[in-house]
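Please read the structure below before turning to the comments.
The values are calculated or read from the model by the stated rules, or taken from the named source; none is laboratory data. All values derive from a computational prediction rather than experimental measurement. Here Cβ is always computed from backbone atoms with ideal geometry, including for glycine, and neighbour counts include all displayed protein chains. Only protein heavy atoms, including side chains, enter the accessible area calculation; ligands, DNA and RNA are left aside. Shrake-Rupley method; radii C 1.70, N 1.55, O 1.52, S 1.80 Å.
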Amino acid sequence: SGRMRRMADEKVSIDSVDREILSILQSDGRISWQMLGDRVHLSPNAAAERVRRLVREGVITGFRAEVNQAALGRTLEAVIDARMPHTKGFDDAAAKRDDILWAAHVTGESDVTLAVACEGTAGLDAFLRWLQREGATETRTDVVLRKIR
C-alpha cells in the first residue's frame, strides 16, 4: 500500500484543524467533504486533502461501520479481565468471534481484557465458558450499564 510506515517513536505533527477533523470523523466517518470543510472552515478539497494526508501518515488507520449490537440481539455488554497463563492460539480464536468488540493483552493482574456483546446473561455465560475452554483460569466480569463515550 502507499501508506508510509512509521516507527513507534515517530510522532506525526498535527495542528488544531487536524485535531478537529479527527474528532468529527470519529463521530461521523461518512460526513461529506463539503460538510467537513464547512465545520472546520476549509474548502471541501482542502478538507479532503487533510484527511488523505492523515491516512497517508498513518494517523487515520481506517474507516469502520459502527454496529448496533442490540439490533443483533446482543443486549448485554461486558468487560472481562481474564488470567490466561497459556495464550497460545488465543489471538486467532478471539479474532474469529464477532461478539468480541475488542481484546487486549494487558499488564497487571490480568493477562487479557475483553469487551464483549452477548445475547443476555445466557450469552454471557456461554462466552465465559468458551473463555475457560481457551485457557482462562480466573475471570472478573463487569457488566456495562451505560456508555459515557
Some residue of segment 117-134 being crowded, with 17+ Cβ neighbours inside 10 Å, part of a strand (DSSP E or B) and in contact (Cβ under 8 Å) with a residue 40 or more places away in the chain
yes
Report, ordered by the first and then the second residue, all pairs with beta carbons closer than 6 Å, sequence separation of six or more or different chains, a first member in segment 37-65 that is at pLDDT 95 or above and surrounded by 11 or more Cβ atoms within 10 Å (Cβ to Cβ), and a second member that is among the charged types (D, E, K, R) and part of a helix (DSSP H, G or I).
Val40/Glu20
Quick check on segment 89-116: of everything there that is assigned to a strand (DSSP E or B) and among the small types (Gly, Ala, Ser), which residue is least open to solvent (accessible area, probe 1.4 Å)?
Ala115
Looking at segment 19-31, is at least one residue open to solvent by 90 Å² or more (accessible area, probe 1.4 Å), modelled with pLDDT of 95 or more and in contact with a helix residue (DSSP H, G or I) (Cβ under 7 Å, 6 or more places away or on another chain)?
no
Qualifying residues in segment 66-88 (those that are touching a residue at least 40 places away in the same chain (Cβ under 8 Å) and among the β-branched types (Val, Ile, Thr)) - the one least open to solvent (accessible area, probe 1.4 Å):
Ile80
